[in-house]
Amino acid sequence: MEQHLKEINNIGILLFGFTGSGKSTFCDYIKKRFGMGYVHVKRAFEKKYGVENAPLIYRNLINKYNDRSYYLNYLRSDLEYLKKNDMFVIEGLFTKHEVFWCTSFFNRKIVTVYIEIKNDDLRFSRYMEREKKSISEAKVGFDLSDEKRKRLVVHSMKEHSDFILYNDHKKEVFFASIDMFMAEIMSKDIR
């Protein structure tokens, strides 16, 4: 599969899903297995502007420019290096605006992938594990109002996704589904 992957170029993958759905696991696996570059949009924004300031700056940019994709302009330098990669993954919470922005910025086919996890208890436990928080701390950090907002955005994007991957948090099964997804990309002319 790796040899055939080298023949495919100019494809970007926008990966989205709820907190704890397996987006970072997907990116880590695909980076190790296929050598693909990736950027986690939220972490890049937080690194650039600080964890405390990033959400406020993000909201202010959206409100000021009435454009959900405008904040990506502030990450151009972080995203620029991905242009050198034949294939790459950007992880985040995307709307049609971000997909359009990325298509224009990278001047290549953008494939949208939604990772579905149906069990909220699994997502919550993943969040606790990743953030190393107790149950009481995690309940505060796992903002349900924010989750409801994300649910609306994600479900609208899910309808328009090119691919949906299901994650039941059995790594071997999830990795196999990622391999099948990559095989499907390689077997089709999706450009």
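Rule-based calculations on the coordinates, nothing more; no lab input. Worth saying up front: this structure is predicted, and the values here are computed from it rather than measured. We place every Cβ from the backbone using ideal geometry, glycine too, and count neighbours over all the protein chains shown.
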- Query: Near the amide H of LEU14, under 5 Å away, which other amide H atoms are found, from residues 5 or more places off or on another chain, if H is placed in the peptide plane?
  - Reply: ILE90, VAL111, THR112, VAL113
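Need the full-extension length gain, PHE163 to ARG43, defined as separation in residues times 0.36 nm minus the C-alpha distance. One decimal, nm. Please report the intermediate quantities before stating the final value.
Working: separation 120, 0.36 × 120 = 43.20 nm, distance 2.39 nm.
Full extension from PHE163 to ARG43 adds 40.8 nm.
What is the packing order of peptides 16-29, 164-177, 38-51, taking the mean over residues of other C-beta atoms within 10 Å and listing the highest first? Don't jump to the answer; show the numbers that get you there.
On the way: 16-29: 21.3, 164-177: 14.7, 38-51: 16.6.
The packing order, highest mean first, is 16-29, 38-51, 164-177.
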- What is the set of long-range amide H partners of HIS40 at a cut-off below 5 Å, with H atoms built 1.01 Å from backbone N? GLU91
- Which net charge results for the neighbourhood of GLY12, defined as the other residues with beta-carbon distances under 9 angstrom from its beta-carbon, given Lys and Arg at +1 and Asp and Glu at -1? +2
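Which entries of LYS23/LYS96; LYS32/LYS170; LYS48/LYS170 show an alpha-carbon separation above 22 angstrom in the structure shown?
LYS48/LYS170
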